[in-house]
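Taken together, the values in this text are just the output of simple stated rules run on the coordinates, not laboratory data. Just so it is clear, the structure is predicted and the values come from calculations on it, not from any experiment.
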Amino acid sequence: MNKTALRMEDSHAGSVCILSIGGRIDSANAADLLDRLNGLFSSGEKTILLDFKEVLYLTSAAFRVLLVVTDEAERNEARVVLCGLAGQARELFEMGGLLEAFTVHGSREDALGRL
Amino acid sequence: MPLPQTTHLIIRNDVTELPALTSAMERVAAEHGMPEKSLFQLQVALDEVVSNVIKYAWPEGGTHEIEIHIAARHDGVEVEIIDDGRMFDPHDAPQRDKPQAAQRPRPGGLGLQMTKQLVDRIGYTRLGNRNHTTLTKLCALGPPGSGRTTT
């Protein structure tokens, strides 16, 4: 597995489910992210914090998943929150005019302090 | 081998084939010392363009081939994507929908809007029944073997 392959790992901090994402999110693997998030919501998670700290880059396929899942969460009284956006990943959010579309906190610690 | 140096590959019109392209780009970048940021930006643009071809070029479905040439030059990398699907000039793509006030933006048109910002040039020609789309990312490349991963 190379260093840009998509990695996902979930953990908990109180009632918050944290999904740490690493590598690239693109057309080939965005469906894996969608499946993982749908699985977490199906298992009853209400707040999912997506930590992008290790994400190298993401394409519009990833943004599509994030928009769909965020909308879906709101309809089900759940929420998706983002943190750890830095470097190229942050620039891509800015380029797509999408930073304002999501709830974005700084570091994971900042986010957990506010949730 | 001196620059320019070209890598060719053919993939089928299926998103599961995209990792082959991603890996080929990573190999070219490592071999020629392409800066990581330039590589990532070109990877995002390529994913947008090739996934669009996969999704929209053949409305009738079926298995088709997409031919890709990656040319490493002294002043950057140019990737040519060739398909025999329906005509599509990325310059004619509709503008992205303006988000309504207090509404989450829609993803339609996002990929091409980002592509235009990520590469230095987008070229298009229709030759015979084939689309030739080129993406050019300018950056300084070293001689083959100068990539960091080979040290």
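Taking Cα pairs under 8 Å and at least six residues apart, what relative contact order does chain A come out at, in percent?
25 percent
Could you run the Karplus curve 6.51 cos²θ - 1.76 cosθ + 1.60 with θ = phi - 60° over region A:25-31 and give me ³J(HN,Hα) per residue in whole Hz, x for Gly and Pro?
10, 9, 4, 6, 10, 4, 5
Considering the Cα positions of the protein assembly as shown, please state its Rg to one decimal place and its Dmax as a whole number of Å.
My reading of the Cα-based Rg and Dmax gives 19.3, 61 Å.
Express as a percent, rounded to the nearest 5, the fraction of DSSP beta bridges in the protein assembly as shown (both residues included) that run antiparallel.
Among the beta bridges of the protein assembly as shown, antiparallel pairing accounts for roughly 70 percent.
Give, in whole angstrom and from largest to smallest, the semi-axes √(5λ) of the equivalent ellipsoid of chain A, with λ running over the eigenvalues of the Cα gyration tensor.
19, 16, 15
According to the square roots a ≥ b ≥ c of the eigenvalues of the Cα gyration tensor, what is the shape class of region B:1-99, taking rounded for a/c under 1.5, prolate for a/b larger than b/c otherwise, and oblate for the remainder?
On the way: a/c = 2.08, a/b = 1.49, b/c = 1.39.
Prolate.
Report Rg (one decimal) and Dmax (nearest whole number) for region A:38-104, counting Cα atoms only, units Å.
That works out to 11.9, 34 Å for Rg and Dmax.
Mind listing the phi-derived Karplus ³J(HN,Hα) values for region B:35-44, rounded to whole Hz, using 6.51, -1.76 and 1.60 with θ = phi - 60°, and x for any glycine or proline?
3J(HN,Hα) across region B:35-44, in whole Hz: x, 4, 4, 5, 4, 4, 5, 5, 4, 5.
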